[in-house]
Structures are given as structure tokens and as C-alpha cells.
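See below for the structure under consideration.
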Amino acid sequence: MKKIVLAAIMMMGMSVGHAQDCKIHITSDKDSRVQKCLLVTADDTASDAKADTIQLVDGKAERSLAISKMQMGVFNALSENAATQPQFMLYVPGETIEVHCTADGWSLNGSEFYRQAGEIKKQQDENDRVYRAALMDHNEKVQAEGANKDSLKQAIWKVYTDYIGKKQSIVIDYAKANPDAECVAMWLPYLSDKKALFDVMSDKVKNNSRVSDYIKQLQDEAAAKQRQIESTKAARDNVAVGKMAPDFTLKDINGNDLTMSSLRGKYLILDFWGSWCGWCIKGMPKMKEYYKKYGDKLEILGVDCNDTEDKWKKAVEQHQIPWLHVYNPKNGDVPVMYAVEGYPTKIVIDPEGKIAKIIVGESEDFYNYLDSLFK
């Protein structure tokens with residue numbers, strides 16, 4: 001779920017102006033057992049995400065978001081025992097969202113923007129239902145005695161590719177039939193063939209400021225992501241065991257400059273993490289144990305990434321993390337410099353400043369390596 005949430009809120013539009021309410025009305029059938037709903041919105045990046053839990057009373061709830069630009073986020077209906085599949089939602093200033101929760105999920109309606117988006121969502125939900133049923137059938141067949149797993153693998157792959165193709169065609173076909181529908185732009189971040197959709201959108205939609213600014217924001221984000229990919233690829237050749245660790249200077253938790261090379265003389269562990277990273281937090285107790293065990297032989301420098309400064313400082317205090325910390329600001333280049341592609345990433349640097357070990361993920365390999373290093 002985290003990946004879905006984190007992947008959805010990274011894509012948001014940008015139509016700046018005076019703040020207007022995006023009104024949200026939620027209703028629920030009794031048999032849906034939905035008690036509350038979760039709204040997630042973001043102003044700029046995933047680190048700016050805001051989660052708002054709305055409690056339903058007598059099957060109803062209302063909320064207004066004062067926003068001045070389109071904001072991509074997530075909507076999820078939460079029942080007593082489970083949650084529906086979280087789905088992306090584009091929150092639009094001046095529009096009204098009507099969500100109705102049933103035992104089978106939730107439907108979308110409201111002002112014209114959301115009425116049309118609801119028509120697309122209904123088709124997408126049916127496509128999801130068909131795919132889930134095929135997947136369950138596949139899993140049963142795989143478990144059967146004498147199953148031809150290679151044949152079944154090929155069959156389910158075709159089902160999957162058809163499913164993805166259908167998700168694309170639903171939006172494009174709707175745009176062809178309704179060229180003035182602004183809501184189709186809501187699916188742009190998730191289409192592999194964005195040009196096919198853009199080509200069937202009317203000039204009226206393309207020239208609408210909130211849509212054109214939204215598209216420009218997506219284009220800017222895509223270009224920035226591509227630059228980051230290229231920079232990370234280039235950095236990967238320079239970040240390897242035996243090579244000198246690239247130096248950097250960032251602000252520590254007290255707002256002072258801290259230069260990595262100033263810590264030479266002992267082994268140094270660069271710990272790339274974030275308060276949002278579940279595995280990072282899960283690994284903290286054992287990290288503390290080993291910091292206490294080998295603190296006279298090593299230092300740890302936590303490099304916080306993809307957080308707001310406030311969330312970073314609160315996490316350090318909340319989890320009582322005793323080692324040194326620096327903050328990589330929004331668009332900071334230190335994770336790219338070290339070709340970081342997953343969190344946590346731990347890079348062990350020897351006393352002379354050379355890279356000795358790189359460990360991606362929370363793994364026992366890291367602790368086993370320290371034990372072998374300092375035995």
C-alpha cells in the first residue's frame with residue numbers, strides 16, 4: 001500500500017490562483033461497514049503529503065479542501081476489518097466530489113469533472129474485478145497437482161498485459177468520445193502512451209489553464225526524474241568498493257555545516273534513511289545496539305532523505321537516535337551522488353575515506369559484516 005500511496009502523490013498538478021474549496025461529500029451503505037475514509041494530498045512532493053482521516057457519522061461525512069491548484073493524492077475507504085484498494089484522486093479547486101461507499105467498493109460522482117471521472121472509474125473497477133478473478137483462478141490452477149506451471153505462467157502474463165492495455169484504452173476511448181472532458185488528464189501520469197491521450201484531447205481542454213499547467217508540471221517532473229536517473233547511472237560507476245567516497249557538506253540537526261570528510265579516522269557508516277521508511281525505522285533498534293557495541297571504532301552519519309526538516313527532527317527525537325545526523329534538502333544531490341536507489345542504504349567508509357561495503361535494504365549482512373570487521 002505504501003508504494004501505491006508513495007507512487008500516486010508524487011504526481012500532482014499545478015494551477016496556481018486563489019484558494020477555492022474542493023468539497024467532498026461521502027455517504028455509505030450500512031452493509032459497506034465503512035467507518036472512515038482516508039484522504040492524502042500533497043502540495044509539491046511526497047514529503048509534503050498530508051493525510052486526513054474522516055470519520056463517518058450515520059453513514060455520512062463532509063470535508064472541504066482549500067486549495068489553489070490541482071493536487072493529486074489518494075482516497076481510501078476504511079471498514080472495520082479492512083480497507084478498499086487505495087486509488088488515486090485528483091483534487092480540483094472549485095469542484096465537488098461525491099463518494100458513495102458500498103460493500104463492493106466506492107463510486108465517484110459530483111460536479112461535471114467528477115461525474116465524468118466516475119464513469120471512467122466504473123470501467124476501471126470492472127477491469128480490476130475481471131483481472132482479480134483471473135488471478136485467483138490462476139493461483140488455484142498453479143496449486144493443483146500436475147499443473148503445467150510454464151504454460152500457466154504464459155497464460156497469466158497475457159491476462160496481465162491485456163489488463164494493462166485495457167486500463168489504457170478505457171481512458172483513451174473515453175477521451176475520443178468526450179474530447180472536452182477535462183477529467184481524462186487525471187490519468188495522464190499512469191499511461192505509458194501519454195501522447196495517444198493528448199492527441200485526442202480537444203484544444204479547449206489543452207488550453208484550459210488548470211489542465212495546461214497540470215500537464216506542464218507533469219512534464220517538468222518527468223524531465224527532472226529522467227535527469228535524476230541519468231545522474232544516478234553516472235554516479236554508479238564512481239560509487240564502488242575501493243573507490244574514494246564522494247565528499248559533501250550538509251546541515252546537521254543544530255543547523256551547522258557538517259562535512260563528511262571531517263569524520264575520517266574511524267570507520268564511517270552513511271545511513272540513507274527517512275522517517276517515512278518503514279524498514280529504516282524497523283532497523284533502528286539493532287543499529288543502536290551495534291552503535292553501542294562498536295562506537296569506539298565507528299561513527300554513523302544518518303542522511304535523511306525525502307522528508308521535511310520538521311519530520312526529520314521529530315523522528316530523530318521520537319526514536320532517540322544517538323548518532324550524527326544531516327539533512328538532505330528537497331532536490332539535494334547527495335543520494336544521487338551515492339547512486340542511492342532504495343532505502344535504507346548503508347555505505348561503509350574506511351578510515352582513509354574509501355568505500356568498503358554497500359548494503360541496500362535492512363539486512364543481517366550489514367551486522368555480520370561489522371562483526372567480521374571488528375572481531
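The numbers here are math on the coordinates, done by the rules we state, and not lab data. Because the structure is a prediction, the values reported are computed rather than measured. Don't worry about glycine lacking a Cβ; one is built from the backbone with ideal geometry, like all the others, and counts go over all protein chains shown.
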Out-of-range pairs (alpha-carbon distance over 29 Å; input K225/K357; K121/K314; K167/K206; K286/K354): K121/K314
Percent of beta bridges antiparallel (DSSP, segment 249-374, rounded to nearest 5): 60 percent
Chymotrypsin sites (Phe, Trp or Tyr not before Pro) lying in DSSP loop within segment 269-363, provided at most 16 other Cβ fall within 10 Å: W323
Size of the chain as Cα extents on the principal axes (Å, biggest first): 67, 64, 45
Cα-projected label distance for K36 with D203, points at 7 Å along beta-carbon direction, nm: 5.0 nm
Nearest-0.05 FRET efficiency for H319 and N254, computed from C-beta distance (R0 25 Å): 0.90
Spherically averaged projected area in nm², based on the convex hull that wraps the Cα atoms of segment 200-267: 8.6 nm²
Partner lysines for K141 [C-alpha distance under 20 Å; skip if fewer than 8 residues away on the same chain]: K149, K153, K158
Projected label distance in nm at D310 and S68, using a 7 Å step from Cα toward the beta-carbon: 1.8 nm
Cross-link partners of K330 among aspartates and glutamates (Cα-Cα below 14 Å; sequence separation of 8 or more within a chain): D43, D44, D48, E221, D304, D307, E309, D310
FRET efficiency for A51 and R115, using Cβ-Cβ distance with R0 set to 35 Å, rounded to 0.05: 0.85
For Y267, distant residues with modelled amide H under 5 Å away: E299
Ordering of 25-34, 151-160 by burial proxy (mean other Cβ atoms within 10 Å per residue, highest first): 25-34, 151-160
Cut-off 19 Å (backbone N to label point 7 Å along Cα→Cβ of E364), residues of segment 271-296: 279-280, 282-291
The chain: angle of helix 209-236 to the longest principal axis, Cα-based, in degrees nearest 10: 30 degrees
Of K194/K311; K292/K313; K36/K204, pairs whose Cα-Cα distance is over 31 Å: K194/K311; K36/K204
Using θ = phi - 60° and Karplus 6.51 cos²θ - 1.76 cosθ + 1.60, couplings along segment 29-34 (whole Hz; Gly, Pro as x): 5, 4, 6, 6, 6, 6
Modelled label reach - R264, point 7 Å along Cα→Cβ, segment 359-375 residues with backbone N closer than 14 Å: none
Potential lengthening between A19 and V241 on full extension [0.36 nm per residue; Cα-Cα distance subtracted]: 74.8 nm
Normalised contact order of segment 2-216, rounded percent, pairs of Cα under 8 Å and 6 or more residues apart: 20 percent
Spatial separation of Cα centroids for segment 95-154 and segment 162-206, in angstrom: 19 Å
